[in-house]
Amino acid sequence: MSRWRRSVDELTARRRRQHTECARAQNALSRVTSCFQQLVASLGSSADSSFLREEIDETRALAHRICSGLSDRLLRLLSACDSAPTAVEDRQASERLWVLFLSAVENFLSDLRKAKDLIGQFPLTQRSNRRSLVNTGCTDGLVGLAARVALVQIPWLVLEEEPSPDLTNHIAGLESLLSELQQRVPVAFWSVEATQPAWAEVLSDPEDPEDSLEDMMEVEMVSNGSSRKVSACCQGTCCGFSCVG
Amino acid sequence: MTIKNALRDYGQRYRPRMACLRKAEKVLLEMQDPCAGVKSQPQRLVITIIPHAITGEDIIAWLADRFQIDPQEASSFGSMLVALGYIYPLQDHKRLVIKPDTSLYRFQTPYFWPTQQWPVEDTDYAIYLAKRNIRKKGILELHEQEQYNHLHKWMNHKWDFIVMQAKEQYRAAKERKKPDRVVFDCQERAYWVVHRPPVRKHSQKLPLNNFVEVFEHDLPRPWHSIFIGFKSKFELDYSKKSNFVWASFLSEPFTCRSKIVGENLAFWEGCEDLKWGTAVAMKEKAEQIYKTFLARGAPRWINIDGKTMEITVKGLKHPHRYVLDAAQTHIYMLMKKDSYGRYLKSPVFKETLKKAVNPEEHKFNEVQLEQNARNRRPSLSPIIIRQQEQEQRAKMAASAPVDITQVMSKLSKQGKEMGPRHSK
């Protein structure tokens, strides 16, 4: 085999490895941002606490590390696609990852902004602040989520521990990152197509049989000594709509 | 990465609603006070007990006591809080009203509060629908299915992200304790009932989404249904009982005064839309407003004085964002000083408010029922109606002359044609 042929194969193999690494990082980012959303949903409610806010900061820092690493690697991947001869599928796959990454950053950014507003609106500096927290029925915003975040692994080695930015700077940083990336790489995002058809996620079987919200909302009604279950949605009278929970 | 869908943005996010939302939030926070707030009780479910449930009658009693108003007004106010999304019902969750009985409600978490600076993103809705798909194995309601398909089409480029995020959010929610998970699911569901309600096709009250009500009456009139927006500029004054006005249900104008108010409000809405809307659509919007409200013999003519009319018409020759400001200010002052105040005190309004809070049943006889059944046709989805309107406008623009008065006369002829078809 000619040397040129071999080097092209090497390049392709390396690009595929980088691609897999980026895909795994994208999954990790999704995981971290979903946990972040669950945590932020408790801000301002009765489940809010300083522990919750610390956990939010740590989750944010992890997301920041993943984002910066992933943006660098994706940039390198896409510019490599430009310079060296690439198969069309490889190029398309890289563009797809690019669009997914930018969508994830946008989504995360909106949650960050909400978090900033909520933390500003509900400061927890004094004990009296707790009186104005909203009684939502939630008792604990942390359980399980902190552990889930801790299990997330970044698929590359973080060599230098750069200090993570505070909330305002984080938001500003992400905004400038988004605009910079969109300017530097001319990817036509409308040309990216979904890999799975509509309604495909219905077939993904959950790890264990999941209760529907209706099941969980069942109220125990005690009548004539024997108790029976009634759905909380239509307690007594039927609301007239097909109750799809 | 997000293609903003201009079609469904009614210009709402540009409306200055922040003032009234902040007032509602202040009331909400007062209700939380452990001593002086609303009494709460635990909600007993089969699997667990969830605290902080409140009854409808307690909410109404608290509001009536706090603002020194009668239970009827307190009930409307409470329903407004529910319709905005600050409180959600635990039973009968699709009807956003306060019931003056032991029905249970809960406070919505601040993350899901409605506020101007966080526009309700379609991406989030798509993720929510995908999550519901996973959980309910594809059994979604009709309007949700339609929305899902629509979003899948025009968000196709980020659909993989949406599905991935939905799966991760689903798994993250499962990590929480069961009662907290139930609460979060209820909160999320309530949020989307407020912000993405199903579009009703028959004469029923819509939840107070973005303060727009659609009423359908069987009265003779030139148009079949009318959109009237509530304008947050007419602020509510909490401190004075007599001035406590929250005209959340403005019905079909069938008297002179209420008709005038209706036209003025619609004109005001049009002006706001022009001010805050896109530059591209501006010229067209200005023309539309002129044809509908200002021109001689316009179908919804508003009464502004000669000088203001002169200035406005002159300005419309070269329309810009603020060309209708003079007319808008005039209408605002008119309403503030005169017609709106009188309208609110009028028996007509009191009657309609009563009817809105407790709508009476239709009393159709057999013959009418048969006729209704015969005439009933599945109405077009608003997306298609809007597309048709756009096509019609494009056709008119292509064939019509440039002169604004000629266009207007053409439209008034068309209006006369449409008249007999729509009267019952």
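Residue by residue through the stretch A:178-193, note down the ones that are within 17 Å of A:Phe108 (Cβ to Cβ) and either within 13 Å of chain B (Cβ to nearest Cβ) or touching a Lys or Arg at 6+ places or on another chain (Cβ under 7 Å) (or both).
A:Leu178, A:Ser179, A:Leu181, A:Gln182
Of all residues in the stretch A:80-89, how many are assigned to a helix (DSSP H, G or I) and surrounded by fewer than 17 Cβ atoms within 10 Å (Cβ to Cβ)? Walk me through how you get there before you give the answer.
Just the residues of the stretch A:80-89 that are assigned to a helix (DSSP H, G or I), to begin with: A:80-83, A:88-89.
Those left that are additionally surrounded by fewer than 17 Cβ atoms within 10 Å (Cβ to Cβ): A:80, A:82-83, A:88-89.
Summing the residues that are assigned to a helix (DSSP H, G or I) and surrounded by fewer than 17 Cβ atoms within 10 Å (Cβ to Cβ) in the stretch A:80-89 gives 5.
For the stretch B:356-369, how many residues are surrounded by 12 or more Cβ atoms within 10 Å (Cβ to Cβ) and within 17 Å of B:Arg95 (Cβ to Cβ)?
Residues flagged as surrounded by 12 or more Cβ atoms within 10 Å (Cβ to Cβ) and within 17 Å of B:Arg95 (Cβ to Cβ) within the stretch B:356-369 amount to 3.
Which of the residues belonging to the stretch B:67-102 are of a type in the set (S, T, N, Q), away from chain A (no Cβ under 14 Å) and part of a loop (DSSP other than H, G, I, E, B)?
Answer for the stretch B:67-102, where residues must be of a type in the set (S, T, N, Q), away from chain A (no Cβ under 14 Å) and part of a loop (DSSP other than H, G, I, E, B): just B:Gln68.
Quick one: how many residues across the stretch B:301-323 are acidic (Asp, Glu) and either in contact with a helix residue (DSSP H, G or I) (Cβ under 9 Å, 6 or more places away or on another chain) or within 20 Å of B:Val261 (Cβ to Cβ) (or both)?
Within the stretch B:301-323, residues that are acidic (Asp, Glu) and either in contact with a helix residue (DSSP H, G or I) (Cβ under 9 Å, 6 or more places away or on another chain) or within 20 Å of B:Val261 (Cβ to Cβ) (or both) number 1.
Is it true that some residue in the stretch B:107-116 is among the hydroxyl-bearing types (Ser, Thr, Tyr), more than 10 Å from chain A (Cβ to nearest Cβ) and within 25 Å of B:Ala61 (Cβ to Cβ)?
Within the stretch B:107-116, not a single residue is among the hydroxyl-bearing types (Ser, Thr, Tyr), more than 10 Å from chain A (Cβ to nearest Cβ) and within 25 Å of B:Ala61 (Cβ to Cβ).
Hey, any hits in the stretch A:75-92 for a residue that's within 14 Å of chain B (Cβ to nearest Cβ), in contact (Cβ under 8 Å) with a residue 60 or more places away in the chain and within 25 Å of A:Gln183 (Cα to Cα)?
Looking through the stretch A:75-92, at least one residue is within 14 Å of chain B (Cβ to nearest Cβ), in contact (Cβ under 8 Å) with a residue 60 or more places away in the chain and within 25 Å of A:Gln183 (Cα to Cα).
So, in the stretch B:125-164, exactly how many residues are over 19 Å from B:Pro382 (Cα atoms), within 8 Å of chain A (Cβ to nearest Cβ) and not aliphatic (A, V, I, L, M)?
Going through the stretch B:125-164 one residue at a time, the tally reaches 11.
State the number of residues belonging to the stretch B:33-50 that are farther than 14 Å from B:Ser103 by Cα, within 9 Å of chain A (Cβ to nearest Cβ) and in a strand (DSSP E or B).
Adding up the residues that qualify gives 1.
Residues are listed down the side, and each one gets a yes or a no for (1) surrounded by 13 or more Cβ atoms within 10 Å (Cβ to Cβ); (2) assigned to a helix (DSSP H, G or I):
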site: A:Leu75; (1), (2): yes, yes
site: A:Leu97; (1), (2): yes, yes
site: A:Phe108; (1), (2): yes, yes
site: A:Asp117; (1), (2): yes, yes
site: A:Pro123; (1), (2): no, no
site: A:Ile154; (1), (2): yes, no
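Only the coordinates and a few stated rules stand behind these numbers; no lab work does. If you're wondering where the values come from, they're calculated on a predicted model, not measured in any experiment. Virtual Cβ from ideal backbone geometry, glycine too; neighbours counted across all protein chains shown.
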